[in-house]
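Here's the structure, in structure tokens; my notes come after.
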Amino acid sequence: MKVLDRSSIITSALLAVTVLFRLVLARNVGTELEWDPRGYILYCPCSGQFSGQVEQLLGTLYFAKSIDRVLILPPFINYPCGRKTHKHQFGLQVSSRTKQENLYIPVKDYFDIEKLREYHQHIVTFEDFMFELAPTHWPLDQRVAYCSSKAAEGNGGICPRTGNPFGTFWAAQNIEFVKSEIWSGDLHYNVDYEPWRVMWGDTFPPSEHPVLAFMNAPTTNPLPPDKNFLHGFLQWSADIIAEGDKYIEENIQRPYVGLHLRNGADWARTCDLADGSMQRLLSSHQCLGLHSKTNVYRQLCMQSEELVIEEVQALLEKEPDIKTIFIATDHVSMQDDLQQEFPDLRVVTLDPEKPQSDMYVLGEADHFLGNCVSAFTAFVRRHRDEAGLGTSYLGMSKRNKYTVHDEF
């Protein structure tokens, strides 16, 4: 039996109080929940940044409705970039590395939950579930982790929940599991196939398995094209809309082009795989299709300054009335280069740590140039599809013409 020392007990108690306080702040005031006998689904949004976590939410929403369970909406995981900006003695902005913890943001801070309920009525926020229902209906000694045999086989026969985010997510929510429930390869997330859909209910009846707590989202990633319609049930929260509209009004003159640039070090390593030998890479199906005869090439994944400038120039020749270029980026914005190249236009960019604001402004742009391989661009493209707006992709017509600058 594990014996806890006094400091460990105090730390655990402080964590529990912190989690409880966060739950209270994030709750939907006035809700009075009753236990639903159809059972619940909870999952860790443990793959990717915000755009990838949105795809997991949509895929799990579809899964939950298909097997007729209540979906518990987990908070989004906000991974800090670890950069702290401070003033240099000569007035320059300098970035230094800092150690920061993950942040956990309630879904309602980003999206309108009532709009999600238009697709699947049976939804509850994680905060409401943990505060109102879990103490009685999901007590500490009955919390079970669920995963496939493949996931458990390299982890001592239990569901993996260590490291970041698989361990840190559950620890931050003050959730510990007493055991693992492992399923065989007979169960699949593709619930469009009726026998597999029925098998979930037969294998895990709600009366015996009231909360299916998955260690990862029960959906394929990236989101399959035939599920893109689910994005129509995503509506930004009032705060996101107000902030985005205010930024556009104060900083952008229409018509404007939205530009999404991916060029961080991690992304550059991903793009090393785009050597022309792969039919698909991440979200590349959004511009190449699922069964394209053209494989993913480098310029679709990461673009040089020359390529970006030429693509913007080509767009301006078609759309000479453009007044502003808005840039969303994870690393190098090319703002100075683009401003020098197009002095008659206004070139603006936002804080790279606010992807939701970037997504909103890109979604509202008169024209959009995105990154074919990026899930971030895929999010914006789905939004624009719903609004009847077009999307173009950097590098689509420039195959093998440019080399990418590795200094990114």
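Just a few scattered comments:
- Of all beta bridges that DSSP places with both ends in the chain, some 20 percent have antiparallel geometry.
- Ranking of Lys293, Lys318 by solvent-accessible surface, largest first: Lys293, Lys318 (1.4 Å probe, protein heavy atoms only, all chains present).
- Taken per residue, the accessible surface of the chain reaches 50 Å², heavy atoms only and a 1.4 Å probe.
- Sorted largest first, the principal axis extents computed over the alpha-carbon atoms of the stretch 165-229 equal 35, 29, 20 Å.
- Each residue was assigned an accessible area with a 1.4 Å probe, and for Glu305 the value is about 40 Å².
- Across the stretch 247-369, counting alpha-carbon atoms alone, Rg and Dmax equal 15.1, 45 Å.
- All Cα pairs of the stretch 280-342, percent lying beyond 16 Å: 57
- Shown are Ile327, Ile105, whose ranking by accessible area with a 1.4 Å probe and every protein chain present, most to least, is Ile105, Ile327.
- Computed E for Glu101/Arg280 - FRET, C-beta separation, R0 30 angstrom, nearest 0.05: 0.30
- Here the convex hull built on the C-alpha positions of the chain has a volume of 179 cubic angstrom per residue.
- Unsatisfied cross-links (Cα-Cα over 26 Å) in the set Lys108/Lys323; Lys108/Lys354; Lys179/Lys354; Lys65/Lys246; Lys150/Lys354: Lys108/Lys323; Lys179/Lys354; Lys65/Lys246; Lys150/Lys354
- The packing ranking, built from the mean of other Cβ atoms within 10 Å per residue, places the peptides 112-123, 261-272 in the order 261-272, 112-123, highest first.
- Positive-pole candidate from Pro135, Gly157, Thr168, dipole of the stretch 89-217, charges at beta carbon: Thr168
- Cα-only Debye scattering, the stretch 178-282: base-10 log of I(q)/I(0) at q = 0.18, 0.20, 0.23 Å⁻¹: -1.12, -1.18, -1.28
- Segments 159-165, 341-347, 51-57, 216-222 sorted - mean Cβ within 10 Å per residue, highest first: 51-57, 216-222, 159-165, 341-347
- Of His137, His285, the residue with the largest accessible area leads and the full order is His137, His285 (1.4 Å probe).
- Under 5 Å between amide hydrogens, built in the peptide plane, is the criterion, and for Thr349 it picks out Ile327 among residues at least 5 positions away or on other chains.
- Rolling a 1.4 angstrom probe over the chain with all protein chains present gives an accessible area of which 51% lies on carbon and sulfur atoms.
- Overall form of the stretch 122-182: prolate. Here a/c, set by the Cα gyration tensor axes a ≥ b ≥ c, is 1.5 or more, and a/b is the larger of a/b and b/c.
- Positive-end residue of Ile309, His291, Phe379, charge dipole of the stretch 275-408 with Cβ unit charges: His291
The values are calculated or read from the model by the stated rules, or taken from the named source; none is laboratory data. Being a predicted model, the structure only gives us computed values, none of them experimental. Virtual Cβ from ideal backbone geometry, glycine too; neighbours counted across all protein chains shown. Please note that ligands, DNA and RNA were not included when accessible areas were found on the heavy atoms of the full protein model with its side chains. Shrake-Rupley method; radii C 1.70, N 1.55, O 1.52, S 1.80 Å.
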